[in-house]
Amino acid sequence: MIVEGRNVITRAARWSAVHPWWAIALWVAFVVGALVVGGLTGTRQATNSDLSIGQSGRAAAIARAGGLQERAVENLLVSSWGGGRLDPARAQAALDDATRGLRGLPGIASIGQPQSAPDGAAVLVPVTLAGDPETAADRVQPLLDSVEASRSGHGDVRMELVGAGSIKAGLNDMLSKDLGKATVLSLPVTLLVMVFVFGAIIAASVPVVLGLSSVLAGLGLWGVASQIVPDPGPVTQFIVLMGMAIGVDYSLFYLKRQREERALGADNIDAIEIAAATSGHSVLVSGVVVLVSMGALYLGGHVAFESMATGAVIVVSIAIISSLTVLPAMLSRFGRYLDAPRVPLVWRLTQKGGVKPRLWSTMLKPSLRHPVIALVASVAALLVLALPALGLKLKATGIDDLPRSIPAMQSYQRLTQSFPSQSDTHTVAVKVPPGRAAELSSAVHELVRGALADPLFVHDPAPVVRTSADGTVATVAIGTQFDSGSAQARASLDRLRADLAPRTLGAVAGAQFAVGGSDVAYDVDYRANVMDKMPWVLGVALALTFLVMALAFRSVVLALITVALNLLSTAASFGVLALIFQHTWAEDLLHFESTGRVVAWLPLMLFVILLGLSMDYHVFVVSRIREAARGGLSLREAVEQGITRTAGVVTSAAVVMVCVFALLASLNYIEMKQMGVGMACAVLLDATVIRIVVLPAMITLLGWKTWWPSRLARQSVARAPRMPAVVAAAAASAAARSSLPQRP
């Protein structure tokens, strides 16, 4: 908080500015140390056991207890190129050649017998891998290479290997390439935006360098943290994108204020201290809001939310520290060299600090002159945009939702067309007390007989029963020929959970049973968990945000405004998500195939991320409005000056975020695409409609009550005569400078 005299923020800034080499050296040592420690520990990846949830998780645990966990199986598929009947002799020759090569590889547990498709268009041979099925994706490449080598002598048939391991390996390869490209592109895009903001190469590079160093340190410390909270996949990429967006924005706000103060006549050290007391305060408040909103994800009840929250807390904390410590040192060290080398035309445009921004003033006029009309019209437009969110449909990403650009998914599509039983499988797991093995066997037999009589399940091949050595644990794999996202697939799961399993297995005294599976069951359980936890996560995130804003600005009304604006912009972005991804009209535009649903984890994650990110410029803008009001302007004039004088930096910060998130929207993976579109739309709405129309209209309507119950709310309506923008800015800066003790 800003208080009379120097506080911890300004003292840290002054020490760094006076001892720049020490501050920079300590920062470099911290970043290098974090990378070294992270390299030594590595990043622990989440296993299927870590990701399990609900009844599907219990089924997997029962199976593991009896040593019956699912084995890693790849399918050697031979089919005709045109889709017609397969020549038996050619198919057998290809299979013999391929299986001969596979048998010579280590890590193969068994190779099954050939199975012909009902239409005679394909033959498959199951290949069971030895070892932990969790690591199958890391060990499948030699098998793929072997089949590729065998393929060269059998061009008259299509021969391919497909299974969970090869699909996951293909997905990992695609994600690595796509996210690597997005990460690499984010650096030049961010640097280009900064060049247009500052008009000088060194000044533009400072935020980028600090953002990058925060990301590197965050990745190192995440390696340590992942030993406790494992990485389910995208956390490292999330740290990169979140760290660059947050780190650059924080540095941008600080650097812009320092340059502004220097332009108004302050020397370098004074300018740094004023920037620390004003923008530094905004950075701290914004950062705390990000931390508490992301921290609410720990209530999400799943390792994916916990890992994302941990990664965000780490990188945002580092970005806050870097902005408040090493950034003042860099500004002090570079001094006047920050403005070199200059980009001629861009430099002249950035130096119009004393000119009232006509564009932003013009855009603000409707909100300031007709606040009721502006507020009603803008809120109505956002609510209309949010309407599709009422029909938002959620689904955990399953195998059917993966991009068909992955070669293994094209093979999988051909596999399920020829062998419908491979589409999805429910796994019923049951454990009984010792001495009831015979009863278990009888109950399992009844379960299988019921499944064979039900049209919701595949009858050929019949359900596969496996029993533990002591006879007390059994699993039954029951196939369904329906896509995982279909109503029939969910109906088949309900039939097992609500009828067949309780009626048969439940009749055994002391039996523990559950129905799971990798697709349908996991999707149902995951969505149920999200819907159950969502009110708690959102409620806690909003409550903590309200508390931080109320304490930071000593205003309950302003805190309520902040919560309302965030709910409005987030609801609108949810509406955009539903509008785009639950329909097909944008498929060609964004290059995706609609699943008719939004990824189940996205609304929860998107809400807390946006709640934090929007605070970047919300706190910055509100702080400048309050500063101008304290400097003697009327509230309407303070709103105009606060928004117009921050419009450039807020726009720049929003452009950085939108560009970074738009890179996510360009990826093939539907989860990343939906996240990128949702975040980019929300930031865009927040930086334009919310900041230029809704916020000023609300403050203008509420007047000085906006700051209740702080002392500013008790200011007289009769204010000092209106001052020109430059004079008002100088007065506000002088007020900020006067709150700092004079240097000896």
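Results, tabulated for the structure shown:
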item	result
Gln417 vs. criteria closer than 24 Å to Glu593 by Cβ, at pLDDT below 85 and not hydrophobic (A, V, I, L, M, F, W, C)	yes
Among (1) open to solvent by 70 Å² or more (accessible area, probe 1.4 Å); (2) closer than 20 Å to Val140 by Cβ; (3) assigned to a helix (DSSP H, G or I), the one test that Val28 misses	(2)
Per-region count, region 581-597, residues out of contact with any Pro (no Cβ under 9 Å at 6 or more places or on another chain) and buried (at least 20 other Cβ atoms within 10 Å of the Cβ)	2
Residue match in region 431-438 (condition: buried (at least 16 other Cβ atoms within 10 Å of the Cβ) and of a type in the set (Lys, Arg))	yes
In region 34-59, the residues that are more than 14 Å from Ala304 (Cβ to Cβ) and open to solvent by less than 30 Å² (accessible area, probe 1.4 Å)	Ala34, Gly38, Gly42, Ser56, Ala59
Leading residue by the ranking (nearest to Leu221 (Cα to Cα)) among those in region 289-316 that are in contact with a Lys or Arg (Cβ under 9 Å, 6 or more places away or on another chain) and either aromatic (Phe, Trp, Tyr) or outside any helix (DSSP H, G or I) (or both)	Phe305
Which numbered condition Pro455 misses (of (1) open to solvent by 80 Å² or more (accessible area, probe 1.4 Å); (2) without any contact (Cβ under 8 Å) to a residue 24 or more places away in the chain; (3) not in a loop (DSSP other than H, G, I, E, B))	(3)
Output for region 89-104, where each listed residue is among the aliphatic types (A, V, I, L, M) and under 16 Å from Arg151 (Cβ atoms)	Ala91, Ala93, Ala94, Leu95, Ala98, Leu102
Helices (runs of 4 or more DSSP H) wholly inside region 572-672 containing at least 3 residues that are aromatic (Phe, Trp, Tyr) and in contact with a Phe, Trp or Tyr (Cβ under 9 Å, 6 or more places away or on another chain)	602-630
Among (1) open to solvent by less than 10 Å² (accessible area, probe 1.4 Å); (2) acidic (Asp, Glu); (3) modelled with pLDDT of 85 or more - the single one Asp616 does not satisfy	(3)
Single residue of Asp483, Asp460 found to be charged (D, E, K, R) and buried (at least 17 other Cβ atoms within 10 Å of the Cβ)	Asp483
The one condition in (1) in a strand (DSSP E or B); (2) over 17 Å from Gly510 (Cα atoms); (3) in contact with a Gly (Cβ under 9 Å, 6 or more places away or on another chain) that Val476 fails to fulfil	(3)
Residues of region 249-306 that turn out to be small (Gly, Ala, Ser), open to solvent by 30 Å² or more (accessible area, probe 1.4 Å) and at pLDDT 85 or above, as a count	0
Residue match in region 81-93 (condition: under 41 Å from the mean Cα position of the chain (by Cα), in contact (Cβ under 8 Å) with a residue 24 or more places away in the chain and farther than 30 Å from Thr467 by Cα)	yes
Of all residues in region 363-382 being open to solvent by 80 Å² or more (accessible area, probe 1.4 Å) and in a helix (DSSP H, G or I), the one that is modelled with the lowest pLDDT	Met363
Helices (runs of 4 or more DSSP H) (entirely within region 481-570) containing at least 3 residues that are on the phi > 0 side of the Ramachandran plot and touching an Asp or Glu at 6+ places or on another chain (Cβ under 7 Å)	none
Only listed residue being modelled with pLDDT of 90 or more and within 40 Å of the chain's Cα centre (by Cα), chosen from Val465, Val444	Val465
Pairs, first within 16 Å of Ile699 (Cα to Cα) and touching a residue at least 40 places away in the same chain (Cβ under 8 Å) in region 358-382, second open to solvent by 60 Å² or more (accessible area, probe 1.4 Å) and part of a helix (DSSP H, G or I), C-beta under 6 Å, six or more apart	Leu368/Arg636; Pro371/Leu701; Ala374/Pro366
Which numbered condition Val209 fails, given (1) under 16 Å from the mean Cα position of the chain (by Cα); (2) among the β-branched types (Val, Ile, Thr); (3) surrounded by fewer than 24 Cβ atoms within 10 Å (Cβ to Cβ)	(1)
Among (1) crowded, with 20+ Cβ neighbours inside 10 Å; (2) of a type outside the set (A, V, I, L, M); (3) touching a helix residue (DSSP H, G or I) at 6+ places or on another chain (Cβ under 7 Å) - the single one Cys659 does not satisfy	(1)
Subset of region 397-431 (residues that are assigned to a loop (DSSP other than H, G, I, E, B) and either closer than 18 Å to Val520 by Cβ or out of contact with any helix residue (DSSP H, G or I) (no Cβ under 8 Å at 6 or more places or on another chain) (or both))	Thr397, Gly398, Leu402, Phe419, Ser423
Single condition Val448 does not satisfy, out of (1) part of a helix (DSSP H, G or I); (2) farther than 18 Å from Gly471 by Cβ	(2)
Residues that are open to solvent by 10 Å² or more (accessible area, probe 1.4 Å), closer than 21 Å to Met605 by Cβ and either hydrophobic (A, V, I, L, M, F, W, C) or out of contact with any strand residue (DSSP E or B) (no Cβ under 9 Å at 6 or more places or on another chain) (or both), drawn from region 222-248	Ala225, Ile228, Val229, Pro234, Thr236, Gln237, Phe238, Val240, Leu241
Residues within region 309-323 that are surrounded by 22 or more Cβ atoms within 10 Å (Cβ to Cβ) and either at pLDDT below 90 or small (Gly, Ala, Ser) (or both), tallied	6
Arg58 touching a strand residue (DSSP E or B) at 6+ places or on another chain (Cβ under 8 Å) and at pLDDT 90 or above	yes
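Quick grid of which residues meet (1) more than 20 Å from Leu606 (Cα to Cα); (2) out of contact with any Leu (no Cβ under 8 Å at 6 or more places or on another chain); (3) hydrophobic (A, V, I, L, M, F, W, C):
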position	(1), (2), (3)
Leu505	yes, no, yes
Ala528	no, yes, yes
Leu538	no, no, yes
Thr545	no, no, no
Leu560	yes, yes, yes
Ser573	no, no, no
Gln582	no, no, no
Trp585	yes, yes, yes
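The values are calculated or read from the model by the stated rules, or taken from the named source; none is laboratory data. Keep in mind that this is a model prediction, so the values were computed, not measured. For neighbour counting, all protein chains shown are included, and Cβ atoms are generated from backbone atoms with ideal geometry for every residue, glycine included. Ligands, DNA and RNA are excluded from the accessible area calculation, which covers all protein heavy atoms including side chains. Shrake-Rupley method; radii C 1.70, N 1.55, O 1.52, S 1.80 Å.
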